[in-house]
Amino acid sequence: MGPKSLAFRLFVSAAAWVLVVIPIAAVLLSSLYRQSIERNFDARLDVYMTSLVAASTAKGGEAPETPESLGAPIFDIPFSGWYWQIKALKGTERPLFVSDSLLDQQLDLPSQEGVPPDDTLTRRSYGTGPNDENVRMVEREIRPGANASDGYSYAVAGDAAEIDADLAQFTTMLVLALVILGVGLTVATFFQVRFGLLPLRAIRHDLAAIRSGDAEKLEGELPDEIKPLQTELNALIQSNRDVVERARTHVGNLAHALKTPLSVISNEARRHDGSLSDKVVEQAELMRTQITHHLDRARVAARSGVIGGVTDVEPTLMALKRALDRIYGEKGIDLSVSVDPGLSFQGEKQDFEEMTGNLIDNACKWANGSVAVTARRLSDDMISVFVDDDGPGLTKAERERVVKRGQRLDESKPGSGLGLSIVADLAHLYKGLLALENAEGGGLSARLTLPAA
């Protein structure tokens, strides 16, 4: 699953969405839970506030009286984090009454911090306690009597560490749950993408089978979204076969249409003596050679794009060895063939025979005593065929000339001079390469690079 694959893009986009959504969900849930904890904590403080107001105004006077115990021992423990105080809004700096937990200290009230009151004249906020602890406070303005002109500030504070502890515990559990959820979603997305794209992998496998010649079209049931692709690919494959077949037919027709008149011209010219007749025969043979050359190129150009042509290298080379052993047996040429196991050429057998046959035949013509043919796999998609002889070899300039069409370095050897040029053309049409170099032990080394099946 590479960075440019469809599966990678789908997986990364889904995983990125999970990584964005889960942290946002964590923040929202944590915020909502904190608000819930604060409401519950404030409700608890409101209960103490109600008890404090009732205890200090039980006799109905215009000023609050010393309240009795609120029924919570925690207000009696010094600096316990839970405090209450009653303070006049005007005319005094010190509170009128404080809880035993405050000793001689007093609270920094929300009203002093500028916290606005709500509809019930109640203020809620966080503050700092006398022992520098974080506390949650509720402050309310109370007028004890109906005729009281001055109000009093009633404040109750609780240790906010309880809120923080509950929130920390919840956050830990939430993060753990969301991490497990995120990992689970990511793994599920990975398998979902792999499962969803299985039909595309099946298409790739079927196309490879078509290219190697094991199948003729895409088979099998595919999802509705991919079925049109299957139909169009099958139509394209069939169209390609039809085009190649028509090209082969036209090439064959052209060959017959041109070669027959040339044979007639050559036969008629041979019946007459003279320089004109000899010239006509010479040019007619040259035309025949050129027609054969270009018809071969047209035929291979049509076949090189055909899907499904595969040639086994070893049996083809061994068949050529047997044929050439009979031809050059009297010359005493030692022809050896070495091929990697399972080597295949992605193309027509006839073209492979023509390319390698020309190279081996040429090597046998010029060799002094031995010709070595070696076929190796270069990579997953390319093979190389080496043909080495122990003949006189060629200079760099001669190697460049010999692959040109019709160029011959020695007229004493039979042939038209088109052999190596045809090999070079055929290799080029198959997106391969013919290279000529001097062999290590002398002679010529021809290297033919071709696509592997």
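Mean residue ellipticity, 222 nm, helices only, the chain: the sum of -39500 (n - 2.57) across DSSP H runs of n ≥ 4, divided by residue count and rounded to 500, is -17500 deg cm²/dmol.
Here r is the Cβ-Cβ distance between L28 and E93 and R0 is 60 Å; the resulting FRET efficiency, rounded to 0.05, is 0.85. Along the range 423-436 the Karplus relation, 6.51 cos²θ - 1.76 cosθ + 1.60 evaluated at θ = phi - 60°, assigns HN-Hα couplings of 4, 4, 5, 5, 4, 5, 5, 8, 6, x, 7, 10, 10, 10 Hz to successive residues, with x for each Gly and Pro. Per-residue SASA remark: T231, around 80 Å² accessible (1.4 Å probe; ligands, DNA and RNA not included). With contacts taken as Cα pairs under 8 Å at a separation of at least 6 residues, the chain carries a relative contact order of 10 percent. Rounded to the nearest 10 square angstrom, D325 shows an accessible area of 60 square angstrom against a 1.4 Å probe.
Assign unit charges at the C-beta atoms only (+1 for Lys and Arg, -1 for Asp and Glu), then state the dipole size of the chain relative to its Cα centre in Debye, rounded to the nearest 20. The partial results should precede the final answer.
On the way: 48 positive and 62 negative charges, 530 e Å.
It comes to approximately 2540 debye.
In the chain, taking the dipole from charged Cβ atoms about the Cα centre, the farthest positive-side position among T316, V21, A257 is held by A257. Apply the Karplus parameterisation 6.51 cos²θ - 1.76 cosθ + 1.60, with θ equal to phi minus 60°, to every residue of the range 61-69 and state each ³J(HN,Hα) to the nearest whole Hz, in sequence, with x for glycine and proline. Residue by residue, the range 61-69 yields x, 7, 10, x, 10, 4, x, 6, 4 Hz. For the cross-link pairs K331/K431; K396/K431; K349/K396; K365/K396; K59/K87, the ones whose C-alpha atoms lie over 26 Å apart are K331/K431; K349/K396. Under the criterion of Cα pairs below 8 Å and six or more residues apart, the relative contact order for the range 86-188 equals 22 percent. For the range 218-294, carbon and sulfur atoms together expose 60% of the accessible surface, with a 1.4 angstrom probe and every protein chain in place. The structure shown yields Rg and Dmax of the Cα atoms in Å, and of the options (1) 25.3, 88; (2) 22.9, 72; (3) 49.0, 155 that calculated value carries the label (3).
Would you please report the Å³ per residue occupied by the convex hull of the alpha carbon atoms in the range 153-193? Could the numbers behind the result be given before it?
Details: hull volume 2.4 nm³, N = 41.
It is 58 Å³ per residue.
Ignoring lysines fewer than eight residues from K279 along the same chain, the ones with Cα atoms less than 20 angstrom from its Cα are K259. Using the Cβ-Cβ distance between E162 and K4 with R0 set to 60 Å, the FRET efficiency works out to roughly 0.65. With θ taken as phi - 60° and the Karplus curve 6.51 cos²θ - 1.76 cosθ + 1.60 applied, the whole-hertz 3J(HN,Hα) list for the range 177-183 is 5, 6, 5, 4, 4, x, 4 Hz, x standing for glycine and proline.
Between E285 and L174, the simple label model (points 7 Å from Cα in the Cβ direction) yields a spacing of 9.7 nm.
Beta carbons within 10 angstrom, averaged per residue: use that to sort the peptides 355-368, 381-394, 266-279, highest first. The partial results should precede the final answer.
Numbers: 355-368: 21.7, 381-394: 19.6, 266-279: 11.7.
Going from most to least packed, we get 355-368, 381-394, 266-279.
Within straight-line reach of K90, meaning a Cα separation under 19 Å, sit the following aspartates and glutamates at least 8 residues removed in sequence or on another chain: E62, E65, D108, E113, E139, E141, D150. Taking all protein chains together, E225, E348 sort by accessible area into E225, E348, largest first [probe 1.4 Å]. Simple spin-label estimate for D214 and D150 gives 10.1 nm between the two label positions (7 Å along the Cα-to-Cβ direction from each Cα). A Förster distance of 45 Å, applied to the separation of the beta-carbon atoms of L262 and D381, puts the FRET efficiency at 0.65.
Give the ranking of L335, L185 by solvent-accessible surface, highest area first, calculated with a 1.4 Å probe.
Values: L335 10, L185 75 Å².
These residues rank, largest area first, as L185, L335.
Under 5 Å from the amide H of V371 lie the amide H atoms of D334, L335, S336, each residue being 5 or more positions distant or on a separate chain, with H modelled from the backbone and absent for Pro and chain starts. Of the residues S275, P341, W82, the one whose Cα sits farthest toward the positive end of the charge dipole of the chain, with +1 on the Cβ of Lys and Arg and -1 on the Cβ of Asp and Glu, is S275. In a fully extended conformation the segment linking L181 and L433 would gain 85.1 nm over its present Cα-Cα distance, using 0.36 nm per residue. Measuring from a point 7 Å past the Cα of T122 along Cα-to-C-beta, which residues in the range 29-59 have an amide N at less than 19 Å? The answer is 34-57.
Can you compute log10 of I(q)/I(0) for the range 1-143 with the Debye formula, treating each Cα as one identical point scatterer, at q = 0.09, 0.17, 0.21 Å⁻¹? Relative scattering, expressed as log10 I(q)/I(0), comes to -0.42, -1.01, -1.40.
The values are calculated or read from the model by the stated rules, or taken from the named source; none is laboratory data. Not measured: the values here are computed from a predicted model. No Cβ is skipped: glycine too gets one built from the backbone with ideal geometry, and neighbour counts run over all protein chains shown. Side chains included, ligands, DNA and RNA excluded: accessible areas come from the protein's heavy atoms. Shrake-Rupley method; radii C 1.70, N 1.55, O 1.52, S 1.80 Å.
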